[in-house]
Structures are given as structure tokens and as C-alpha cells.
């Protein structure tokens, strides 16, 4: 016999409760248990960062404006601070960008950047150097990119427990959680899926701490940051991390660009009481297709190679250079010491030198026919060789689709060899990957060619393949 309406209602409520319970079990069961962190008390929480932003707005309304960079996986706003003297307009002022909180468990970056912003605002009008920088520069700041991860990492604000959480909070298909936002950018995304011996994980493993995500820019946090960088005439970008005690930069550079980077890095490290070591540049060399652990999907390589923004990764440390959990959650007293000795002056020098870096110009190079050999069938290693004419210094190739992976992203011009691509074994024949070729000249001019490349059927392996060009060259 048919159920009475009240009975159907009660059963519906019970069914909904069961579904909610299963969803909660899936979510909680896929998260790691908290771990004991050293002197967890005193590290900045998301609530602390929000309070600082509110105080800055109230105390310095003419110097700071708060915008939204975008939203996180869980739809939280990501704050974007615009710091400059707004009373006289901001046109024609050079712009720089500082970002922290890509990896929530790294306490040094958020502490350093939050303190630096406070000193910029308080020092305006009393400190000559700071006043000049704020008056003559637009300083964009993202105090915490990975807001969801920050909240999750310090879920218990009353204790010394933290989750040692690195990724965002994307729910992956296999009940794991999170994507490493600093492996999710398009330059060389997927370029090294061997196990990284330092991490004991692969970028293709959703359970690992360096999981690159299902596709380049798959995450709302990385898309928001990429969209902002693409939309602004930024001269320089600094991404703060810890605890590796180094200044990292795009390794493969032209001779002209290596000279510019040398000036930027030297300005920062010479301002430090104990200068941080920096990576060795490979000026004038083509990037190899070999495995390069830790050099895939990074923020700063993408921002420089595609947008022309001089970009660095500052890996902060504390006295004693501890690694692991001790380096990620050091005592606040050590964070203070490091900021006084090597943090404040390095950031001031970065802004000062970064604002003088040459801006991007409209390019004059011409990109002709694109040759691809052999056919891009699943599992194939492919060489893509473009014809480049006119003034050109170097070229960078980027894929925006997981069906085509660019393993060697940088080539000097004139080309000595083509770009090395790999088609994953599981790529579906007929799927189309969107690629971008950036050609840069020695005067910072950029020319872009956007095109698609289709994955071929295996029976087409003996026939030559062509890229389907969607748009012509764009000098920009």
C-alpha cells in the first residue's frame, strides 16, 4: 500500500542524513591526522592574517586597498592588497608582486610578508626609503594564496597541533585530497613524473605532497594568480617559501636575460647579513628533456617565461637551517631573528631593484610553419620545430592540456634543435591540446603563437603530422 506523506517525509530525512554521513566520512577519512609541530603556538592563523588586513585598512586608508584575487576550492576569497600612495593616482608607476602562503605549512613566508607589509605602511612618511618605494611603486601583495589549506593546517588554534599540510583542498577522484599549487602551472607541467627521491613521490600521484593536479591550472587558486599576473604590467614577482635557504630563478636564460637576473639576485643577497645561495644559471643553453626533479609546474618559471615578469622563489630559513617539520614550524623567536637579519632588507631590495627591471614590449619576430615528427600517437616522444624569423633571442613552448606534455621548454634562437614533447600512454586519439609558443627578442619584445595539436591514431604513425593553427602570430 502507498506510504503516508509523513512516512515518506521521515524516510527522506533519514536517507538524506545517511548520504550526508557518508559524504562526511569520505571527507574526514581522506584527510591526514594532525602531527605535533614544534612550538606551534604563536604562528599566524588565517584569523590573525584577516585581523591584520582589517587593521591596516583602518589605520592606513590612503595607502592600502583590498581586492579579491579570486576564490579557493571551498569558495573563500583570496585577499589581494594594493599598496601605494593612492592620493595622487597610480598611473605610470612600476608594479611588483609579492606572494606567500602557497604551501600552508611553511610558516616563514606568511610571517615575513605580514610583517613586511606592516612596516611598509607604518614607515611611510617617517622612513625615507620606504616612503620613496611606496610613493613611486604599486606593490601588490597576496599574504596567503592557499586560504583553505591554511585553515585546514591549523584547524585547532588552541593547541600546538598542526597537520603539516602542503596542498589545497581539492577532492581527488581516489579519495585523496589536494593539489600542490606550485606544481600546477603550465610551464613543463608533467615534465617529470618519475619518483622524486627527495619527496619519495611522483607529481602524478594524487596521494603525494607534490601532486601536479589533473591538468595545468586545474585549480581556482592557480587560475586566479595566473589571470592576475597576465593582466598587469608587472616588472617583478617574488614567491616566498621555506625552509630551503636559497634564491631560485628560471635556470635556462639567454645571455642578456642572465645579466638582468644577476642584478636582481645580487641586489637581494647583498642586502642580507648572511647572503642566501642562489641557483646557477645556464645562460645560452637549451633545456634538456631529462628528468629534472622539482622543476615542473612552478609559479616563477611560468610568470617569467610566458609573461616576461622577472620572477624569483625566495626559500626562507631560520638560524641553524633546520629541515622538515622543524624548518616549517620553527619557533617564532627564530622567525623574528631571520627577518631582522635576512628578511626585511632582502624584500626592500627586491622591490627597489624589481621596479627598475625592463618591461615587456610588443614583439617583432615572425613564427612560420610548425613541423612535428613523428606523429603524436599515445606513448610517443615527439619533436616540434617552429620556423622563427626576424629578431629573436629565445623561445618557450607551453602546453595547457594533459594529453601533450612539453618536456624541454626553452630553446635559444636560432633554433639548434626542436622542442621535445611526450604523449602520455593514456592520451585519447583525437583529443586536442592547446599549445602556446612564446618568442622573445633581446629588447623584451614578445610574440605569441597559439595553436592546437591533435593526438593521432596509432595507424597514422607512419604519416607526417601537422599542428592545427587556431590563431596567427600576436606581437604582444
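Since every read-out is calculated from the coordinates, none of them should be taken as a lab result. Remember, predicted model here, so these are calculated numbers, not experimental data. Virtual Cβ from ideal backbone geometry, glycine too; neighbours counted across all protein chains shown.
Numbers below:
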| item | result |
| --- | --- |
| Overall Cα dimensions of the range 361-475 - principal axes, largest extent first, Å | 44, 25, 21 |
| Spacing of the two label points (7 Å from each Cα toward its C-beta) at residue 417 and residue 326, in nm | 4.2 |
| Ascending count of other beta-carbon atoms within 10 Å, so fewest first, for 312, 348 | 348, 312 |
| Ranked 242, 431, criterion: other C-beta atoms within 10 Å, fewest first | 431, 242 |
| Length added when fully stretched, residue 282-residue 82, from 0.36 nm per residue minus Cα-Cα | 68.5 nm |
| Burial order of peptide ranges 314-320, 420-426 (average beta-carbon count within 10 Å, highest first) | 314-320, 420-426 |
| Order by protection proxy (mean Cβ within 10 Å, highest first), peptides 245-252, 101-108, 288-295, 336-343 | 101-108, 245-252, 336-343, 288-295 |
| Neighbour-count order for 167, 428, 150, 71, fewest beta carbons within 10 angstrom listed first | 428, 71, 150, 167 |
| Added length on full extension, which subtracts the Cα-Cα distance from 0.36 nm per residue, residue 74 to residue 175 | 34.7 nm |
| Cα centroid separation - the range 164-237 against the range 412-452, whole Å | 20 |
| Hypothetical label at residue 362: residues of the range 421-443 whose amide nitrogen lies under 19 Å (7 Å Cα-Cβ projection) | 438-443 |
| Cβ-derived FRET efficiency at R0 41 Å, residue 93 paired with residue 51, nearest 0.05 | 0.90 |
| Three-way shape call for the range 287-330 based on the alpha-carbon gyration tensor, with the a/c threshold at 1.5 | oblate |
| The chain: calculated mean residue ellipticity at 222 nm from DSSP helix runs of at least 4, using -39500 (n - 2.57) | -8500 deg cm²/dmol |
| Relative contact order %, the range 100-176, counting alpha carbon pairs below 8 Å whose residues are six or more apart | 40 |
| Sites residue 431 and residue 161, calculated FRET efficiency, Cβ-Cβ separation with R0 41 Å, nearest 0.05 | 0.40 |
| Förster radius 41 Å - calculated FRET efficiency between residue 389 and residue 135, Cβ distance, rounded to 0.05 | 0.40 |
| Gyration tensor (alpha-carbon) shape descriptor, the range 137-188, a/c threshold 1.5 | oblate |
